[in-house]
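Let me begin by presenting the structure, written as C-alpha cells, before commenting on it.
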Amino acid sequence: MVKAGILGATGYTARELIHILLRHKHTEIVALTTRQVGNVHVSEVHPQFVGRLDLALENLEADEIIARCDCVFSCLPHAASAARVKPLVDAGLRVVDLSADYRLQEVETYTHWYQVEHPDPGRVGTVAYGLPELFFDEIADSQLVANPGCNPTAPILALAPLLRAGCVQPVDIIVDAKCGVSGAGRTPKLVTHFPECNENVVAYNVGHHRHTPEFNQVLGKVSGASVEVLFIPHLVPMDRGILTTTYATACGPVSQEQVLAVLRDYYRDRPFVRVVDDLPTTKQTLASNYCDLTARVIADRVVLIGSIDNLWKGASAAAVQNYNVMCGFDETTGLGD
Ligand SMILES: NC(=O)c1ccc[n+]([C@@H]2O[C@H](COP(=O)([O-])OP(=O)(O)OC[C@H]3O[C@@H](n4cnc5c(N)ncnc54)[C@H](OP(=O)(O)O)[C@@H]3O)[C@@H](O)[C@H]2O)c1
C-alpha cells in the first residue's frame with residue numbers, strides 16, 4: 001500500500017482526491033494538511049466523509065509528512081505549493097502538484113505571469129507535464145509531476161493530434177471556455193459570491209489569463225511549431241465543468257470525417273478521451289475522468305468542442321491518473337465508473 005498525503009486538504013480539489021483515493025486499492029490516505037483549522041476531523045470540513053475516513057486535518061511540518069508518506073498530492077495555491085513540495089521531493093517522496101508551479105519551462109515566464117518569485121527555481125523546466133495521453137513515458141519516469149491546468153486540458157488534447165498531423169495551423173487559434181464556479185476554489189471571493197455569479201455570465205482575465213503560456217508551451221512542444229493561442233474564459237453559473245470551443249484554421253481542404261478520424265486514431269487506446277459524434281455537454285463528463293471531444297469543419301475553420309469536469313479530469317482525477325502512471329499501476333485504477 002502506498003501511504004499518501006494531501007496538502008491543502010480543506011479545498012475542493014483535495015475533497016475530490018479523498019473521494020477518489022478512498023476507492024483506490026493500492027493507496028491509504030495517512031495525512032491531510034491545513035494551515036488554519038488544526039486537528040479537526042476530516043468529516044467536520046468535508047461532511048461527505050462521515051464514517052468513511054477516520055483522520056484529522058493537521059498543520060504538519062515537512063519532516064512529519066516525510067516520516068508518514070510515500071507520496072503527496074499538493075492542492076495548494078501556486079507559490080505556496082512549490083515552497084511546501086520542495087523538501088518533500090528532496091527527501092525522495094513522489095509528488096503530484098496540482099498548482100501551476102512546475103508547469104512552465106522557464107522561471108522568467110513563471111515570474112512574468114504569476115508575479116511572484118519561484119520558491120524552487122532549480123526544478124523549473126525539469127518536471128513532466130501531467131497529460132499521460134501525450135507524455136506517458138516522461139510521467140512514468142518522474143518523481144514529481146506538474147498536473148495540467150483545468151482550462152488547457154481539453155483544448156490541448158483536441159489540438160495536439162491535429163497539429164501533429166498538419167491538419168490545422170499553429171497560429172490564429174482561439175479558445176473560448178465556459179467554466180464552472182468551483183474552478184476558482186473554495187476560498188471565498190467576491191466574484192464567486194452567490195449573488196454575483198448566480199444567473200450571470202462574465203468573461204474574465206481577457207487577454208491575460210495565466211493559462212495562456214501553458215497552452216503555447218505544451219502545444220509548441222507536441223507540434224514542434226511556434227503556437228499562439230488567444231484564450232478567453234467565461235465564468236458560468238454552474239458548480240463544476242468546463243466546455244471549451246476551440247477555433248483553428250485548416251491547413252488545406254479537410255472534412256469533418258477526416259478530422260474526427262485523426263482524433264479517433266490518436267486516442268484509440270486511451271481510456272479517458274472519448275471522441276464523440278454529438279456535441280458534448282458538461283453533464284456527460286461530470287464526476288468522471290473523461291474528456292469528451294468532437295469536431296466540426298465550417299469553411300476553412302476546424303471547430304473543436306471539449307468537455308471535462310474541472311475538478312476531475314481538470315484536477316484531482318487527472319492527478320490520480322498521473323500517480324498511477326508514476327507508480328506503475330494500471331492507469332485507470334480508482335477512476336472507473
Ligand atoms: N478548482 C479547480 O477546478 C482546479 C483545477 C485545476 C487546478 N487547480 C489548482 O489546484 C490547487 C487547489 O485548488 P482548489 O480549487 O482546491 O483550491 P481551494 O479550494 O481554494 O483550496 C486550497 C487550499 O490550500 C490552502 N491554502 C490556501 N492558501 C494557502 C497558502 N498561502 N499556504 C498554504 N496553504 C494555503 C487552503 O487550506 P487552509 O486554509 O486550510 O490551509 C485551501 O483550502 C490550486 O493551485 C489551483 O490552481 C484547481
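Readers should treat all values here as calculations from the given coordinates under stated rules, not as data from a laboratory. Computed from a predicted structure; not experimentally measured. Here the Cβ positions follow ideal geometry from the backbone for every residue, glycine too, while neighbour counts run over all protein chains shown.
Check which residues have an amide H placed less than 5 Å from G314's amide H, if you skip close sequence neighbours.
D309
What number, in nm² with one decimal, is the all-direction average of the projected area of the convex hull of the alpha-carbon atoms of the range 215-337?
Averaging across all directions leaves 8.7 nm² for the Cα convex hull.
Within the range 169-222, report the trypsin sites (Lys or Arg not before Pro) that DSSP leaves as loop and that have at most 16 other Cβ atoms within 10 Å.
Here the trypsin sites (Lys or Arg not before Pro) that fit, given the DSSP loop and packing criteria, are R186, K189.
On a 0 to 90° scale, report how tilted helix 80-90 is relative to the longest principal axis of the chain, with both axes built from alpha carbons and the result rounded to the nearest 10.
The angle comes out near 70 degrees.
What net charge is computed for the residues neighbouring G122, neighbours being all others with C-beta under 12 Å from the C-beta of G122, Lys and Arg scored +1, Asp and Glu -1?
Once all neighbours under 12 Å are counted, the net charge is 0.
Under a plain spin-label model, where a point goes 7 Å from the Cα along Cα-to-Cβ, how far apart in nm are A91 and D278?
That separation, rounded to one decimal, is 5.0 nm.
Hey, could you pull the Cα Rg and Dmax for the range 150-308, both in Å?
Rg then Dmax for the range 150-308, in Å: 15.7, 49.
Nearest 10 degrees is fine. How inclined is helix 150-164 to the longest principal axis of the chain, computing both from alpha carbons?
Between the helix axis and the principal axis of the chain, the angle is about 40 degrees.
Relative to the present Cα-Cα distance, how much length would full extension add between S43 and D300 at 0.36 nm per residue of separation?
Value of the extension gain: 87.2 nm.
Just the number, please: Stokes-Einstein D of the range 116-175 in µm²/s, Kirkwood Rh from C-alpha pairs, 10 °C, 1.306 mPa s.
118 µm²/s
Separation between the N59 and A83 pseudo-spin-labels, each 7 Å from Cα along Cα→Cβ, expressed in nm?
1.4 nm
Going out from 0 in 5 Å bins, what whole percent of all Cα-Cα distances in the range 156-222 drops into each bin?
With 5 Å bins starting at 0, P(r) equals 3, 12, 22, 19, 14, 11, 9, 7, 3, 0.
Take every Cα-Cα pair in the chain and report what % of them are more than 24 Å apart.
Value for the chain (Cα pairs over 24 Å): 53 percent.
Report the FRET efficiency, 1/(1 + (r/R0)^6), for L22 and R164, where r is their Cβ-Cβ distance and R0 is 30 Å, rounded to 0.05.
0.20
Less than 11 Å Cβ to Cβ from L219, Lys/Arg counted +1 and Asp/Glu -1: what total charge do the surrounding residues give?
0
For the range 1-93, compute the orientation-averaged projected area of the C-alpha convex hull (one quarter of its surface), in nm². If you can, show how the numbers build up before the last one.
Numbers: hull surface 21.9 nm².
For the range 1-93, the mean projected area of the Cα convex hull comes to 5.5 nm².
Given H placed on each backbone N at 1.01 Å, which residues far from T249 in sequence or on other chains put an amide H within less than 5 Å of it?
HN-HN under 5 Å from T249: Q169, V302.
Exceeding 25 Å between C-alpha atoms, which entries from my cross-link table qualify? They are K178/K313; K3/K189; K283/K313; K3/K313; K3/K86; K25/K313.
Working: K178/K313 15 Å; K3/K189 34 Å; K283/K313 13 Å; K3/K313 23 Å; K3/K86 19 Å; K25/K313 20 Å.
Where the Cα-Cα span goes over 25 Å, the pairs concerned are K3/K189.
Be a star and scan the range 217-231 for residues whose amide nitrogen sits under 16 Å from the point 7 Å along the Cα-to-Cβ vector of E138.
Flagged as within label range: 217-227.
Need the C-alpha centroid separation for the range 264-337 versus the range 61-100, integer Å.
27 Å
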